[in-house]
Every structure is written in C-alpha cells, then in structure tokens.
C-alpha cells in the first residue's frame, strides 16, 4: 500500500467516499448500525447510568457514539473489500488503473465519517428528548481528539478489511468481536472494573485511546498530559496499523493477480 | 391417524432441515462465535454496565436478566432467518406449491430454535454461576428449566412474526436488530421496569421475555411454583399470540403472493 497515492489521487478518494455515502444511506443494516443502535444504547445507558456520575449524560453521549463508530468499523469497513467480492466487482476494481488501496481508503474514510453521525444523534437525543444540559468542557481539544480518532479508526479499518477477505475463519468471529471492544475500550464504563490482565489488551486498541481522549475532553475529567498521551497512542497505533495494512494489501493483491484465488477461496 | 402421522413427520422434517439449512455454514468455530462467545460478551457488557451504574450488590439482577435475554438470539434471529430464508434461497415458491399443512410447516421452523435457545440460556446461567458468582442455592432448578423453556417458546413466537415480516420486506435485518435491542430495554433485562415511564411499562407488558425474566428472578430469590405460575402462563399466552398472528400473516402472504405472482418480489 503506497500512502502517497492517497494525496496523488485525492479526487478519487473523495469521489469514492461520496459514492459510498450515497450507496450506504440506502442500506438499512448500515442505518441501523450508525443511527438506531447508538440511540438505543444511549437510551439504555442513560437509564442505567443516571445515578453513576454527575456528568453521566455527556459520558453516555460520547460512549454510545463510540459504540456506533466501532460497530460501523467492524461490520461496514471490515466488509468494505468483501462486499466487492460478493458483488463480483473486486477483480474489476483491482484491474482499473487507480490503485486499489486508494479506493479502499476512500470507502473507509466515508464509513468513519458517516459513523460520526452516531455521536451527533446521541447528543441530539440526550439534549432535546431527555433534556439534559450538555456542554463540552474542552471543545477545542475534543474536536482535535475526534480528528485524530478518525485517523486511528480509518487505519484500524484498513487492517481489518484485508484480513476478513483473506481469512474467512477470522471473519466467522466478526459477530463476536463487537462487544469485547465495547468492554475493553471503556466506552461506557471504566476499564478499572475489569480484571487487571485485560488492561494491556485495552492499551493495544486504538478505540480505547479514542475513548480516553474523547471522554476526558468532553467531561473535563482528564488532564492535558493524559489527553496528549492518548493522541500519541492513537497516532502511534494508527501508524502501526497502516504498516500492517500495507503488508496485507500486498498479499491480497498477489492472491488476486497472481494466484487468482481471492474470489474462489 | 395416518394424517396425524404425516403431519408430525412433516413437522419434524421441516424443523430439522430448516435448522440444518440455516446453519449450512455450521462449523464448530462459527457456532461457537455466534451462539457462545457473542452472547457471553453481550452479557458481560451489560452486566458490567449495570453494576457500574448501580453497584456490585445488584449484579444478580443483571446476570439473571441478561442470561434469560439470550433467548432472543435464537428466538428472534434464528427463527426469523429460518422463515425468511425460504425467500432468500428461492424455495418459497416450492413451499407454497406443496399441499403440506401450513401450520406444521410454519411452526416447525421454530421448534429446534426453542431447544437451541433454551440450551443457550442454560449456558448463560452457567456463565453467570462460574464467572459472576450467581447463587442458585435457593433456586428450584426444575422450575427454572421450565421458565427457560417457556421464555424461549414465547420469544420464538415473536420470531415467527418477524419471520413473516421478512417475507414482505427487504429490511428484515434492520427490523430484527431493532426488535432485539428494544427487548434489551423493554423486557426488564437491564432496567427495573417499575422505574420506567408508564408508557414504557405498558409496552413491556405486551412483549415476550418480560414475564420470563421476572419469573427467573423470583426463582433465583427462592420463589415457588405458586409465585411464578401466573407469570409463566401469561408468558406462554403471549408467545402463542405472537406465533398465531405470525401464522395468519404467513397465510395472508401466501394468498397475496399467489394472486399477484410476486412471491420473490414482495
């Protein structure tokens, strides 16, 4: 995967992103994942956490939004290559002059952007339906955290998608991967509640650091140093994910072009 | 007598083949991911969320509620896919072309999912005991087993209705997932229904699972048959009602589809 291509083909990235958004807005499962599920998680969590803390509402807004972001990444970005295979368009996309990684990047970019709707919807629901007084404690840091989180999530998605398309056995576990990340990333409760041995796993997950930064800046509960550290971890893990994705894309393209086995394995 | 034997054979073959067809991709890892690990992680998430919100002393409330709620995995998703799968795999035309008893065909689609769902709930209770320290020393286990069976039956009744909807809409996964999540809120698995607004309590009363979860909680607290019998009878009737509505919808879909010639496109 050549990342300079993303700059070189920026118009393709935007066009793919636009088409992906248009296409997915007609897919009811995707609408469920990015809109309905986070709303229902938010409603449930608002009832369950109402006595947990003074700033529980903002915590729930960000946490339920993150659940939507992760579910979207797992099910939509994770299947962003697989869906081309099911539609019989994978070979054509790989055969066109535009590098395939640029196309997949555009799709993942759209997926992550649209899943930010989860947080927006949860915010509107909590503010206007449940009448909670919501205010971001550190808005500038929050939006910077969000931008870095988008980078980290896209990078994570670029790693997952080729794994799912090449290793079917891994994809069989897809349904079972949703809640563990909700738990290990501390989206709606602190990971301190979990056994100590799970903490290193949490630290290795970009969604965990996204939750640290976004919860910390939205509720004002985190010091600047810990927010900066979360940013550094998101960027670092994002870079590692990009390196892994680069290798996986090479293997995948080899399977497609040389072995010609990707579509039939 | 011969007719009864034929219908029972039809029921059994239908239930067995539809289950095998649904899990045609069945491999131990896939089954483990969908029916063991996913429900376990869902339970863990909501139990952790609940105890974070209301304290560790209330963990039993969430363990029992979420263990029984696992019935929805088979009851809603499994049954719906068994009915709706006929359309997606192109076999609906042949199914409606046979002279076979429709009631046997229809309810046969749910039978193994009830057993499978009950096993899933038993497994969830096992997780509850092993991982979350659920104390069943005061519990009448036979009554708990009956409660689990009745609850999976009633949830499958809702699943049959959802399955019929899958014959008339392409958005079945949207509907299924939404219903499944709504059950997490309205069934009382994670919330004390008495603390909810009245309109939410009214909806809860018309749903399967609600009374099954309440009965299971009473049993874990040491209740006897007299305390839970009314709940179980109501749970059973609710399941039957959903199943019958689903059956009549199934019949209606057949009539409409045959009249319009739109079996695969409705």
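The values are calculated or read from the model by the stated rules, or taken from the named source; none is laboratory data. Computed from a predicted model, the values in this text were never measured in an experiment. Because the Cβ atoms are built from the backbone with ideal geometry, glycine has one as well, and the counts that use them run over all protein chains shown.
Summary table below
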{"read-out": "Condition check for residue A:181: within 14 Å of another protein chain (Cβ to nearest Cβ), under 16 Å from the mean Cα position of the chain (by Cα), buried (at least 16 other Cβ atoms within 10 Å of the Cβ) and in a helix (DSSP H, G or I)", "value": "yes"}
{"read-out": "Verdict on residue B:94 being in a helix (DSSP H, G or I), free of Cβ contacts under 8 Å to residues at least 60 places away in the same chain and either under 25 Å from residue B:236 (Cβ atoms) or within 10 Å of another protein chain (Cβ to nearest Cβ) (or both)", "value": "no"}
{"read-out": "Residues within segment B:124-137 that are in contact with a helix residue (DSSP H, G or I) (Cβ under 7 Å, 6 or more places away or on another chain) and over 20 Å from residue B:49 (Cβ atoms), tallied", "value": "1"}
{"read-out": "Selection count where residues are in contact with a helix residue (DSSP H, G or I) (Cβ under 6 Å, 6 or more places away or on another chain) and buried (at least 19 other Cβ atoms within 10 Å of the Cβ), scope segment B:53-63", "value": "3"}
{"read-out": "Those residues of segment A:6-34 which are at the interface with another protein chain (Cβ under 10 Å from one of its Cβ atoms) and surrounded by fewer than 19 Cβ atoms within 10 Å (Cβ to Cβ), in sequence order", "value": "A:27, A:28, A:29, A:31"}
{"read-out": "The listed residue being free of Cβ contacts under 8 Å to residues at least 24 places away in the same chain, surrounded by fewer than 22 Cβ atoms within 10 Å (Cβ to Cβ) and touching a helix residue (DSSP H, G or I) at 6+ places or on another chain (Cβ under 6 Å), out of B:205, B:171", "value": "B:171"}
{"read-out": "Only one of A:188, A:228, A:192 that is free of Cβ contacts under 8 Å to residues at least 60 places away in the same chain and within 14 Å of chain B (Cβ to nearest Cβ)", "value": "A:192"}
{"read-out": "Residue within segment B:212-222 that is farther than 21 Å from residue B:241 by Cα, within 13 Å of chain A (Cβ to nearest Cβ) and out of contact with any strand residue (DSSP E or B) (no Cβ under 6 Å at 6 or more places or on another chain) present", "value": "no"}
{"read-out": "Boolean, residue B:176 is crowded, with 22+ Cβ neighbours inside 10 Å, in contact with a helix residue (DSSP H, G or I) (Cβ under 8 Å, 6 or more places away or on another chain), over 17 Å from residue B:121 (Cβ atoms) and modelled with pLDDT under 90", "value": "yes"}
{"read-out": "Odd one out for residue A:97 among (1) touching a residue at least 24 places away in the same chain (Cβ under 8 Å); (2) over 20 Å from the mean Cα position of the chain (by Cα); (3) not in a helix (DSSP H, G or I)", "value": "(1)"}
{"read-out": "Any hit, segment A:11-29, residues being assigned to a helix (DSSP H, G or I) and more than 22 Å from the chain's Cα centre (by Cα)", "value": "yes"}
{"read-out": "Cross-chain or 6+ apart pairs with Cβ under 8 Å, segment B:48-69 first and within 7 Å of chain A (Cβ to nearest Cβ), then surrounded by 24 or more Cβ atoms within 10 Å (Cβ to Cβ) and outside any helix (DSSP H, G or I)", "value": "B:49/A:188; B:52/A:188"}
{"read-out": "Yes/no for residue B:74 being surrounded by 22 or more Cβ atoms within 10 Å (Cβ to Cβ) and more than 23 Å from residue A:194 (Cα to Cα)", "value": "yes"}
{"read-out": "Top-ranked residue in segment B:174-196 [being within 15 Å of the chain's Cα centre (by Cα) and free of Cβ contacts under 8 Å to residues at least 40 places away in the same chain; ranked as farthest from the other protein chains (Cβ to nearest Cβ)]", "value": "B:186"}
{"read-out": "Residue in segment A:201-223 that is within 14 Å of chain B (Cβ to nearest Cβ), touching a helix residue (DSSP H, G or I) at 6+ places or on another chain (Cβ under 6 Å), over 20 Å from residue A:45 (Cβ atoms) and part of a helix (DSSP H, G or I) present", "value": "yes"}
{"read-out": "Residues (within 19 Å of residue A:124 (Cβ to Cβ), within 10 Å of chain B (Cβ to nearest Cβ) and either outside any helix (DSSP H, G or I) or under 22 Å from the mean Cα position of the chain (by Cα) (or both)) located in segment A:46-59", "value": "A:50"}
{"read-out": "Residues being assigned to a helix (DSSP H, G or I) and free of Cβ contacts under 8 Å to residues at least 60 places away in the same chain - total across segment B:245-266", "value": "6"}
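Rundown of residues vs (1) under 28 Å from residue A:178 (Cβ atoms); (2) in a helix (DSSP H, G or I), yes/no style:
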| site | (1), (2) |
| --- | --- |
| B:158 | yes, yes |
| B:173 | yes, yes |
| B:184 | yes, yes |
| B:189 | yes, no |
| B:203 | yes, yes |
| B:208 | yes, no |
| B:212 | yes, yes |
| B:218 | no, yes |
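Listed here are the residues, each with its yes/no results for (1) modelled with pLDDT of 95 or more; (2) surrounded by 22 or more Cβ atoms within 10 Å (Cβ to Cβ).
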{"site": "A:201", "(1), (2)": "yes, no"}
{"site": "A:208", "(1), (2)": "yes, yes"}
{"site": "A:224", "(1), (2)": "no, no"}
{"site": "A:232", "(1), (2)": "yes, no"}
{"site": "A:235", "(1), (2)": "yes, no"}
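So that you can scan it fast, the table gives a plain yes or no per residue for (1) surrounded by fewer than 19 Cβ atoms within 10 Å (Cβ to Cβ); (2) within 14 Å of chain B (Cβ to nearest Cβ):
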residue	(1), (2)
A:65	no, no
A:71	no, yes
A:77	no, no
A:91	yes, no
A:100	no, no
A:105	no, no
A:119	no, no
A:123	no, no
A:135	yes, no
